[in-house]
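Worksheet: the structure to be examined is printed underneath.
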Amino acid sequence: MLRIAIAGAAGRMGRTLTETVQQNEGCLLVAATDRAGSSVIGADAGELAGLGPLGIEVKASLPAEADQFDLLIDFTTPENTLSNLAHCAELGVPMVVGTTGLSAEQTDQLKSYAETIPLCFAANYSTGVTLCLQLAQQAAKVLAEDSDIEITEAHHRHKVDAPSGTALALGNAIAESLGQSSEESFVLSREGITGAREKGKIGFSVIRGGDIVGDHSVIFAADGERVEITHKASSRMSFARGAVRAAQWLSDQPVGLYDMRDVLGLN
Ligand code: NAD
């Protein structure tokens, strides 16, 4: 039985993760955290997830000892994720991280912990998006020569980072497959007299509104035809199921950095 702790248990993803862990016969929720000072501290994680009491109180900090949990799933904020990584690295506890919006420096810091613990980090844990990453790379190799590549994404009004981690991951995967640097090829926003579109750039467009769980499209626009690879998430369950699948897979892996493509055997 894999004993899982969830960081950010009161969040949109945290609550869905609690439900998913409970549904999985191989996993057991043993600890839950949220932000110190939040009104949810002391609440039951099961009640927050709409499941009824589970006897797991939401606390402001992770268990102090390594023998109290086997793995941490963290979908919170960059600062909290880095602080949890330091704690888990000290204890030797593996982590599944879904937090997005990390700066380049924070991403480097995160990756450095993979020298100490097994660490899975993916901007999107859905199986469908993971496949779209592969498809976008394949399509880019064939179509990039004659096409303009644009990435669009839409999310709910509460999302705080833009473009989404998934949109950036799609852009990075494409840039990597074309041997381009993302710094040079990404056009993250456009406004005013921008001039004509430059060849070889990867453009991003962002929509925020309502309760959209997460839509992503990669558009390869050529003269006379257009190819679009689109993924639409209709429930956070797709991310939570992927994250719990990653947790079970990661618990058997050696120290190192992994992503969802490793979990699904696509790498
Ligand atoms: P949310 O705001 O609903 O939840 C975040 C939770 O973390 C909140 O309950 C917040 O109080 C808590 N938190 C903040 N600071 C904390 C701290 N110091 N200690 C413990 N808890 C703390 O956000 P969300 O929609 O659940 O998304 C969370 C993150 O996951 C975002 O970065 C989002 O982009 C990302 N996300 C990733 C995927 C994926 O598949 N990788 C999918 C969905 C969301």
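The values are calculated or read from the model by the stated rules, or taken from the named source; none is laboratory data. Bear in mind the structure is a predicted one, so any value in this text is a computation, not a measurement. Glycine also receives a Cβ, built like all others from the backbone with ideal geometry; neighbour counts cover every protein chain displayed.
Scanning region 115-146 for residues that are closer than 16 Å to ALA247 by Cβ and more than 16 Å from the ligand (Cβ to nearest atom), we see that the one that is nearest to the chain's Cα centre (by Cα) is PRO118.
Among residues of region 5-28 that are at pLDDT below 95, none has a Cβ under 9 angstrom from a residue that is of a type outside the set (D, E, K, R) and within 12 Å of the ligand (Cβ to nearest atom) at a sequence gap of 6+ or on a separate chain.
Residues of region 98-114 that are aliphatic (A, V, I, L, M) and either buried (at least 16 other Cβ atoms within 10 Å of the Cβ) or under 14 Å from the mean Cα position of the chain (by Cα) (or both): LEU102, LEU110, ALA114. Looking across region 238-259, just one residue is assigned to a loop (DSSP other than H, G, I, E, B) and under 16 Å from LEU29 (Cα atoms), and that is SER251. Report yes if some residue within region 164-186 is within 16 Å of the ligand (Cβ to nearest atom) and surrounded by fewer than 13 Cβ atoms within 10 Å (Cβ to Cβ); otherwise report no. No, region 164-186 contains no residue that is within 16 Å of the ligand (Cβ to nearest atom) and surrounded by fewer than 13 Cβ atoms within 10 Å (Cβ to Cβ).
In the list GLY210, GLY203, which residue meets the criterion of being more than 19 Å from THR100 (Cα to Cα), modelled with pLDDT of 95 or more, in a loop (DSSP other than H, G, I, E, B) and of a type outside the set (Lys, Arg)? Spell out how you get there, then give the answer.
Values: GLY203 fails: in a loop (DSSP other than H, G, I, E, B).
Among GLY210, GLY203, only GLY210 is more than 19 Å from THR100 (Cα to Cα), modelled with pLDDT of 95 or more, in a loop (DSSP other than H, G, I, E, B) and of a type outside the set (Lys, Arg).
When only residues in region 147-163 that are within 16 Å of the ligand (Cβ to nearest atom) and among the small types (Gly, Ala, Ser) count, which is farthest from the chain's Cα centre (by Cα)? Residue satisfying both the conditions and the ranking: ALA154.
Does SER112 satisfy the condition of being away from the ligand (no atom under 15 Å from the Cβ), of a type in the set (S, T, N, Q) and either at pLDDT 95 or above or assigned to a helix (DSSP H, G or I) (or both)? Taking the combined requirement at face value, the residue satisfies it. Inspect region 149-159 for any residue being in contact (Cβ under 8 Å) with a residue 60 or more places away in the chain and either part of a helix (DSSP H, G or I) or surrounded by fewer than 18 Cβ atoms within 10 Å (Cβ to Cβ) (or both) and give the result as yes or no. The answer is yes; a qualifying residue exists. Listed here are the strands (runs of 3 or more DSSP E) enclosed by region 1-86 that have at least 2 residues being in contact with a Lys or Arg (Cβ under 9 Å, 6 or more places away or on another chain), more than 30 Å from GLU105 (Cα to Cα) and away from the ligand (no atom under 12 Å from the Cβ): 27-33. Taken over region 192-228, residues that are closer than 21 Å to SER181 by Cα, touching a residue at least 60 places away in the same chain (Cβ under 8 Å) and either out of contact with any Ser or Thr (no Cβ under 7 Å at 6 or more places or on another chain) or among the β-branched types (Val, Ile, Thr) (or both) amount to 2. Of all residues in region 31-45, those being surrounded by fewer than 18 Cβ atoms within 10 Å (Cβ to Cβ) and polar (S, T, N, Q) number 2.
Comparison of LEU17, LEU48, LEU62, LEU28 shows that the only residue that is surrounded by fewer than 20 Cβ atoms within 10 Å (Cβ to Cβ) and not polar (S, T, N, Q) is LEU28. Looking across THR81, THR76, THR33, one residue alone is hydroxyl-bearing (Ser, Thr, Tyr), closer than 20 Å to LYS159 by Cα and touching a Leu at 6+ places or on another chain (Cβ under 8 Å). It is THR81.
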